[in-house]
């Protein structure tokens, strides 16, 4: 078989049974999240996240492990403990991805995916070595941080080439915001899947494979990859034009020079230049010419890999070595770095807000809900001048979360959104209603970077990108997912490119045509009081189209699998191409690798199947099997996105732009209506129509859904 | 190296004919059992003639660190001319994308299979980063190549175009001597076919160099 290996392995940790099945069974859903959502739908959509019933699926795609660029990724799917949706009858399914080499190694071992169910009677790790899959005792590594534990597994195996996906002590304690870590910087961050592993007594999955991945057209693939590399930009801002606070351009390299591509990037220089002396070099994931990660070695803190939100402490204002320490602690203990934005701002908030003359933190201390030592540590971590925003505050906070220390540590370990509920409820129970209210007021607080990063984005998570800045397509994107979507299709065009809007718009027209580009897009860098582009029905349709584009491309990239810091290739650094990329690359690579004749429409159809699968699982979970109106109940954003910013912005440290004007509910709903139409979903309920599912070859799934749940609209 | 062999080499330099063969040569017996002409035997036949005629030249042509003790197949430096092209690795540049491994295996073995690659990356960054995180490592096409000298089945030859030391998969018997001999761990074993392979410089157009995105590999070509 080309691309796929043809085999999926299943491990039942309760019974110890290890079986294999044919990938053929799931192949309509391509791979990655496609496989994951199908498994969850078929087997346990209503499982509790920490129950043995919950499935944990690690899945790759046909392109994973091949020469196709940036194909080292693996997706993790299951019912999530992190997603916060009080309106839902049941916890919701979601996904998280990680790069590195693990996904490729799973293919080399001979598997497209790994399905895990059950719970081991005591701590174990799964060991995959080509045909041999076993469940091994993990007592020798239980409690260890992720770096030490990976080393220990490799030492025990006598093989330093083993690739490992692992949890830290936080996952073992079911810390809800616990990621799955691979190597020293790859992480399946949001979604809490580290805690799901912990709930199964599963410390790690170690993989070693010596086989290869077959591709259909070897020569064609090599030629095509070479041609793609000649125009693809660096990811997220490393084109020669990029400038600004998150610019990662360091070298003005000829984009056609495929031998220098990986040398464009130095995140240390742009995110934490005070750590330059500790920068070792850039690093890539499997088969990726971009080199996103910054490998660093700081005396006393060891070696580590840092990328993107792992720089969180510097983005929040730290200017010393604690920036790197933050990354090390997050990766070693296992704490989602993106969650640290709202977490740290919440902890500052608890110190800044006073009720009856005392800070909320002091109230906690007075009620013996936090120790004096922890209070002192957290106060030390306040931004200047009250604190030093340094190592002590950081270590106090991260350690208390990872170990669920005391009432406050235990609450924060639930993620900032649940922590708000827990702390407020505690104060209510103590008859301190005014303090409780003040805690809940954080729900409307704005974060840094224009409002969203560190604020309540929705689904109980901070949001990577702000719908008020991007547009209604982003709002719909957010509303349809079960988590902070973190999709980069739009930022690959509009934000991290260094292109001015005037330069990006022609590119957009090439990709979507004038109507959609002009009526749907807004300049991210416009004046802060300028609202989003809106031209009535034209814009509703344009935004709906763009939302659909993002969803389908997201499903494509998470199923074949490729990295969305590269795909879709919206732009190029090449002026002679008018900075235009090529969004047809995914389907062309798909055909070269698998041998299956492919077009954009066909690949979109594959993606639509996956997105409908996600929709159906969500519909079952939201209503617990009873009829639901997803449009009204699920497809929403937090209210504060629709209100003027009357809630106080977080104090201006670090300096933060105020958000763009609020969204308009009418525009949001109009976009939704058009979106459902494009997706073939009922416009009243947002549910997939039977006819749509039948056309996608999902008639069997529609039937199964109606058997498990309720009748779908025709 | 055995005293006998040293003596014979010295005899050859003095123009004397070779005496009896060294008493224990199990490898050769095995080879002769198989009906194959062993490398050693062939070189014996060839070596005497060449050395006898080029004594002075070969003595001058010996690399500065050439020590007769370093070979055990009765071969002198002029019988193993240096490669005329080779790879150079710059581990400081390597970003660990493993494109080199993918290209090597894809072009030689037909699949994306880094475990078969003849250029390797060490990618274990959880160890101390005092070593650089991921390093690319390459075959040095050694002058007095240990792999070449270790092969008793004539499976190692010199590439006509570059002088690279190349394993012929049809002649390789899987004995593993080259694998054991290489001090750089650059010989690769194919577990399925039981055949060994090594970097052959792709006949003069190394694919790993061509596609490395980080300038971590370069090709020195002195042809």
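Each value in this text was obtained by applying a stated rule to the coordinates, not by laboratory testing. Computed from a predicted structure; not experimentally measured. Glycine gets a Cβ as well: all are built from the backbone with ideal geometry, and neighbour counts include every protein chain shown.
Values as computed for the structure displayed
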item	result
Order of A:417, B:165 - criterion: other Cβ atoms within 10 Å of each residue's Cβ, fewest first	A:417, B:165
Convex hull volume per residue for segment A:317-474, taking Cα atoms only, in Å³	115 Å³
For segment A:424-521, the spread of Cα positions along each principal axis, largest first, Å	61, 25, 19
Helix-only CD estimate at 222 nm, as mean residue ellipticity for chain A, using -39500 (n - 2.57) per DSSP H run (n ≥ 4)	-11000 deg cm²/dmol
Overall form of segment A:508-647 per C-alpha gyration tensor (a/c, 1.5; a/b vs b/c)	oblate
Within 10 Å of each Cβ in B:210-220, the average number of Cβ atoms from other chains	5
Peptide ranges A:488-494, A:406-412, A:70-76 listed from the most packed, as the mean C-beta count within 10 angstrom indicates	A:70-76, A:488-494, A:406-412
Averaged over A:215-225, number of beta-carbon atoms from partner chains that fall within 10 Å	2
Cα centroid separation - segment A:124-185 against segment A:349-391, whole Å	36 Å
Residue exposure sequence - B:94, B:147 - by fewest surrounding Cβ within 10 Å	B:147, B:94
For chain A, alpha-carbon Rg relative to the globular expectation (2.2 N^0.38 Å, N residues)	0.90
Relative contact order computed over chain A (Cα-Cα under 8 Å; 6+ residues apart), in percent	15 percent
Peptides ranked, highest mean first, by Cβ atoms within 10 Å: ranges A:422-428, A:398-404	A:398-404, A:422-428
Zone of residue A:678's modelled label, taken as backbone nitrogen in segment A:619-635 under 18 Å from a point 7 Å along Cα→Cβ	A:631, A:635
Average beta-carbon neighbours from other chains, 10 Å sphere, peptide B:86-96	4
A:285, A:271, B:182 arranged by Cβ crowding within 10 Å, fewest neighbours leading	B:182, A:271, A:285
Additional length obtainable on full extension of the chain from residue A:276 to residue A:160, 0.36 nm per residue less Cα span	38.9 nm
Beta bridges by DSSP in the protein assembly as shown, antiparallel share as percent, to the nearest 5	85 percent
Shape of segment A:567-676, Cα gyration tensor, a/c cut at 1.5	oblate
Calculated FRET efficiency for the pair residue A:629/residue A:529, C-beta based, R₀ 22 Å, to 0.05	0.05
Peptides A:593-603, A:188-198 ordered by average Cβ neighbours within 10 Å, highest first	A:188-198, A:593-603
Inter-centroid distance (Cα atoms) of segment A:578-605 relative to segment A:523-542, Å	30 Å
Pairwise label distance in nanometres, residue A:577 with residue A:219, each label 7 Å out on the Cα-Cβ vector	2.5 nm
Label point 7 Å beyond Cα of residue A:501 along Cβ direction - residues of segment A:526-541 with amide nitrogen under 17 Å	A:526-536, A:539-540
Where only C-alpha atoms are counted, convex hull volume of segment B:85-221 per residue in Å³	112 Å³
Förster-model FRET efficiency, 30 Å R0, residue A:368 and residue A:388, C-beta, rounded to 0.05	0.70
Rel. contact order, % - alpha carbon contacts under 8 angstrom, at least six apart, segment A:320-409	27 percent
Estimated FRET transfer efficiency (residue B:161, residue B:218; beta-carbon r; R0 25 Å; 0.05)	0.90
Global geometry of segment A:7-208, whether rounded, prolate or oblate, following the gyration tensor of its Cα atoms and the 1.5 cut on a/c	rounded
Rounded Å value of the spacing that divides the Cα centres of segment A:484-508 and segment B:144-195	52 Å
